[in-house]
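The values are calculated or read from the model by the stated rules, or taken from the named source; none is laboratory data. Just so we're clear, the structure is a prediction, and the values are computed from it rather than from any experiment. All Cβ positions, even for glycine, are placed from backbone atoms using ideal geometry, and neighbour counts span all protein chains on display.
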Number of protein chains: 2
Amino acid sequence: EEVSKLLQLKAQIGEDDGKHQFVLKTAKGTRDYNPKQMAIREKVFNTILGCFKRHGAETIDTPVFELKETLTGKYGEDSKLIYDLKDQGGELLSLRYDLTVPFARYLAMNKITNIKRYHIAKVYRRDNPAMTRGRYREFYQCDFDIAGQYDAMIPDAECLKIVYEILSELDIGDFRIKVNDRRILDGMFAMPWKEVRKEMVSEKGLSEEVADQIGEYVSLQGGMELAERLLQDQKMSQSKQACAGLTDIKLLFSYLQLFQVTDKVVFDLSLARGLDYYTGIIYEGVLTQTGIAAEAQNSSGAEESVSVGSVAGGGRYDGLVGMFDPKGRKVPCVGVSIGIERIFSIMEQKAEAEVMYKKNPKLLSQLQYCEDSGIPLVAILGEQELKDGVVKLRTADISRADLIAEIKRKTSEA
Amino acid sequence: EEVSKLLQLKAQIGEDDGKHQFVLKTAKGTRDYNPKQMAIREKVFNTILGCFKRHGAETIDTPVFELKETLTGKYGEDSKLIYDLKDQGGELLSLRYDLTVPFARYLAMNKITNIKRYHIAKVYRRDNPAMTRGRYREFYQCDFDIAGQYDAMIPDAECLKIVYEILSELDIGDFRIKVNDRRILDGMFAMPWKEVRKEMVSEKGLSEEVADQIGEYVSLQGGMELAERLLQDQKMSQSKQACAGLTDIKLLFSYLQLFQVTDKVVFDLSLARGLDYYTGIIYEGVLTQTGIAAEAQNSSGAEESVSVGSVAGGGRYDGLVGMFDPKGRKVPCVGVSIGIERIFSIMEQKAEAEVMYKKNPKLLSQLQYCEDSGIPLVAILGEQELKDGVVKLRTADISRADLIAEIKRKTSEA
C-alpha cells in the first residue's frame, strides 16, 4: 500500500528527482540474454532439437525445483553446489542441479520403463563462475536419454551418433568424442581413479611399478583394437569389471562403425567423469580446433567433471531410477547432455567476427559496437601495439551504478 | 564417495532388494509435463509466439532468480508469496514472481528506452495451489510489452489487439476483454478501490449515498460512449485523475475501432487489478462461454488480481523502470501477460473430449485411458446414475507410495 501511494504521488508530481538505492545487477553468475543473443540461442536450439526429434525422442518438462531429498546423495562432493530454497514453512526444496536426476525421478514416479526423451532447460550450480569464459551459475542443458532394456550398446551408440551429428551440424570446428567405461577405471585400480591419482602424488605413494603401470594405461588411446588388446592384457584381464567394460567398448565400436562415426570417436583411458551415478560407458565431446575453439578451450578452468573444451558429455546410469523406485526396480538408462553455453559463446564470437569484416572499421565504431552488444572485453592490436609486441585489453564502459560491483568482481576474480 | 561405493556394490550384486525411503513426488504446487502435455503446450506457444512475432517483437531472457531487493516493494501484499532462496553465504536471492519487474530491471540496467519484447518463461508464487484447477506455484507467463514514448494509447491498443488475436486463434470459446483505468478507480474514490469496498461492507460504513453511487458506477459497462458520458458526469468530472483516465479510454476506443476489435472489448468500471505498479489503463481477457470454458471458470478460486475465467491481463506501468534507474528516469511501458496455464488445461480437456468420441467406449477402457493420461478425476454418468440423479466421481488410481501424500492433500483441501 505504501508503494501504491508513492506511485500515485509520483504520477501526480510528474518528473521524479529521487535517487533510488537499488543495486542494478543480476545475481552472481547469471546473465540476461539480449535479443541478439536470443537469436543465436534459438538457432543452436533448433539444430539440437532437430537432431533429437529425428532420433524419435519425445520431450517432457519438470519443475525447476525438486524436494531436497530427491537430489541428496546423487552428485557426490558437488552436492555443496546445490542451491537450496529458504524453508518458508513448507517442504525443503532445491533448484535442479542437472536434468538427469529429475528424469530418473519422473520415470520412477510414473513407472515408465521405456522412453526416449529430450529435455532442454536451465540447471543451477553455485559454482565459482568466470562469466567471460562461458561458465555460469544458471545455464542450459540439452539432454537426450534412452531408458529401457535394449540389446547391449545400441542405445549407447545412438547417443554418440547424436553428439557426432550435432557437433558436425553446428560447424564450430573439429572435435573428438572420447569414450571410456567406469568399470574399466574402477576395475583397473580396484578403487576410484581420482583416489588413486591423489595417492600417487601424495605422501602415501604407490609403488613405482604401479604408478608406471597407471601412467601407461592412462596414455592409451585407440579404437576397437585397443579394447581387444587390453582384453588380452594380463593385469587388466584379472578384473572382471574391467573385462565387462572392455567387452562393451568393443561391441560399441562395432555399432559405431555401422553408424560411420569412428573417425571422431576415440577410446581414451584417461577420460573420467565426476558424477556418481554413472555405471558403465562414459563419453565426452571435445573441440580440438585452434582459433575460436582454442580460445574457449584455454579460458575454461580446470573442472573435475568436464575436460578442457568439453561441449558434450554423458554415460550410462543403470542404478539411478532404482534409487527412486520404492521396490528398487532398475531401469537401465544412457544419455547425453550438450553443453550449450560454451557453444553459445563460440557462436557469439563467430557472429561478432563475421559482423566486423567491414571495409575500414574505425576503432571507435568498433568499440561502440562492442559496447552496444555487451562484449565485455576488447583486445586491440593496432600498428603501435604490433610494434611494441603487446595487446591492449580494454574493458567496455560500465555505468557508474555498476562500478562498485564491477570492481568487486574483478578483484575477487584475481 | 559413500554413494559411489554403494553404486558399485549394487552393480556387483545385481538385483537390488533395498527399500528406498524417498517420497516420490514433485514439490507442492508443481507438476511434470508428460510428452502429450508438452505437445499441447508447444501448439499453444506457437500460436502465441507467431502473434508476438507478427507484431514485431524481439525476445529476451532473464535469470530465474533476482536479487531479493529487486523484487521488494513491487507487488504489494502479494510479496509474501515470493520464494526466497537460502542465504548460502552470497546474495539474498528470490525466484521471479512475474516477468514484468525483471523486464523493468533489464531496461534500467541496459539504459534501454525503446523496445518491443516478448518473454515466455516460468514464474513462481507460493500460492495455495489447487492443482486440478489449473493453478500452480510454478507456471508459465507469456508477456508482450512495449517500452518507449509514443503517442498516447497506440501501444495500449496494440496490446489489446494482441489479446484479441491470440484468444481468437486459440479457439477456446467466446471471450471479452474488459478495460478500465487505474486513475478512474483511484480518482473516483480518492482512495484505492479495494479499501473502499472493504469499508463499505465493514463496520465503518460509508454513507448510503456514497455506497449507492459506487454501486452504480461499478455496474457500468460500455464503450466510447460511456467514457464520454462519464466525462460529463458531475461527480466524476471533479477528479482530474479520473478525467485523464476517461479521456484515454475514449482515445483508446477510437484506435480499437480502427483495429476492428470493439466487438469484444468492453469498458468495465468494476475491473480492478491487484498489482501495485499499474499507473494507467488496465485490462483483462475473460472467457465467457459455457461448457469447457465455464468449467474452468467455476473451478477457479476467488483471486484479487485475476477475475474468474481470466486468461490474459495487463496494463500500463509508467513508473516501474524509474524505480530502478539511479536517476529515476522513467520509461513509459504497457504490456500484457497471457495466462497460459488455464489455456493449457482447457486445451487438454478439449483434447481428451475429442479423443473419447469413439464408438462404444467401454467404461473400463475409458478409466484406463484416464489413468494412463494422468486425468485425476473422472465423472461417471451412466444409466444407473441417470436413474438415481447422481454423478459418480472417481479418483484415478494412485501408487501406494503416493497414498499418504494424496490423503494429506485431499484433507487439506477440504
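Within region B:292-326, being modelled with pLDDT of 90 or more and either over 19 Å from A:LEU24 (Cβ atoms) or in a loop (DSSP other than H, G, I, E, B) (or both) holds for B:VAL311, B:ALA312, B:GLY313, B:GLY314, B:GLY315, B:ARG316, B:TYR317, B:ASP318, B:GLY319, B:ASP325. Any chance region A:74-93 includes a residue that's more than 11 Å from chain B (Cβ to nearest Cβ) and touching a helix residue (DSSP H, G or I) at 6+ places or on another chain (Cβ under 6 Å)? Checked region A:74-93: no residue is more than 11 Å from chain B (Cβ to nearest Cβ) and touching a helix residue (DSSP H, G or I) at 6+ places or on another chain (Cβ under 6 Å).
Within region B:202-215, not a single residue is more than 30 Å from B:GLN349 (Cα to Cα) and modelled with pLDDT of 80 or more.
For region B:160-179, check the following and say yes or no: at least one residue is of a type in the set (A, V, I, L, M), over 30 Å from B:MET236 (Cα atoms) and at pLDDT below 95. Let's see the steps before the verdict.
Of all residues in region B:160-179, those of a type in the set (A, V, I, L, M) come to B:160, B:162-163, B:166-167, B:170, B:172, B:177, B:179.
Then drop every residue that is not over 30 Å from B:MET236 (Cα atoms), which leaves B:162, B:166-167, B:170, B:172.
Restricting the remaining residues to those that are at pLDDT below 95 gives B:170, B:172.
Scanning region B:160-179, I find at least one residue that is of a type in the set (A, V, I, L, M), over 30 Å from B:MET236 (Cα atoms) and at pLDDT below 95, so the answer is yes.
Looking only at region A:25-44, decide whether some residue is of a type in the set (Ser, Thr, Tyr), within 18 Å of A:TYR124 (Cα to Cα), surrounded by 17 or more Cβ atoms within 10 Å (Cβ to Cβ) and at pLDDT below 90. No, every residue in region A:25-44 fails to be of a type in the set (Ser, Thr, Tyr), within 18 Å of A:TYR124 (Cα to Cα), surrounded by 17 or more Cβ atoms within 10 Å (Cβ to Cβ) and at pLDDT below 90.
Filtered by the rule that a residue be within 8 Å of another protein chain (Cβ to nearest Cβ) and surrounded by fewer than 23 Cβ atoms within 10 Å (Cβ to Cβ), region A:103-114 gives A:MET109, A:ASN110, A:LYS111.
Here the condition is being touching a Ser or Thr at 6+ places or on another chain (Cβ under 9 Å), more than 10 Å from chain A (Cβ to nearest Cβ) and at pLDDT below 95; of B:ARG125, B:ARG96, B:ARG137, B:ARG133, it holds for B:ARG133 alone.
Would you be able to say whether some residue in region B:245-255 is part of a loop (DSSP other than H, G, I, E, B) and not β-branched (Val, Ile, Thr)? Can you show your working first?
Pass one, region B:245-255, residues part of a loop (DSSP other than H, G, I, E, B): none.
Scanning region B:245-255, I find no residue that is part of a loop (DSSP other than H, G, I, E, B) and not β-branched (Val, Ile, Thr), so the answer is no.
Quick test for you: out of B:ARG126, B:ARG137, pick the one residue that is charged (D, E, K, R), more than 17 Å from B:ILE338 (Cα to Cα) and in contact with a Phe, Trp or Tyr (Cβ under 7 Å, 6 or more places away or on another chain).
Working: B:ARG137 fails: more than 17 Å from B:ILE338 (Cα to Cα).
One residue alone meets the criteria, B:ARG126.
For B:THR262, state whether it is in contact with a strand residue (DSSP E or B) (Cβ under 8 Å, 6 or more places away or on another chain), of a type in the set (S, T, N, Q), modelled with pLDDT of 50 or more and within 17 Å of B:GLY223 (Cβ to Cβ).
Values: in contact with a strand residue (DSSP E or B) (Cβ under 8 Å, 6 or more places away or on another chain): no; of a type in the set (S, T, N, Q): yes; modelled with pLDDT of 50 or more: yes; within 17 Å of B:GLY223 (Cβ to Cβ): yes.
No; evaluated as a whole, the condition is false for this residue.
Total residues in region A:71-90 satisfying the condition of being touching a strand residue (DSSP E or B) at 6+ places or on another chain (Cβ under 6 Å), without any contact (Cβ under 8 Å) to a residue 40 or more places away in the chain and closer than 18 Å to B:VAL23 by Cβ: the figure is 3.
Please pick out the residue among A:LYS161, A:LYS74, A:LYS80, A:LYS122 that is under 19 Å from the mean Cα position of the chain (by Cα), under 17 Å from A:TYR278 (Cα atoms), basic (Lys, Arg) and assigned by TED's automatic domain parsing to the domain that holds A:SER345. Reasoning before the result, please.
On the way: A:LYS161 fails: under 17 Å from A:TYR278 (Cα atoms); A:LYS80 fails: under 17 Å from A:TYR278 (Cα atoms); A:LYS122 fails: under 17 Å from A:TYR278 (Cα atoms).
Checking each option against the conditions leaves just A:LYS74.
Among the residues of region B:58-71, the one identified as surrounded by fewer than 21 Cβ atoms within 10 Å (Cβ to Cβ) and more than 9 Å from chain A (Cβ to nearest Cβ) is B:LYS68.
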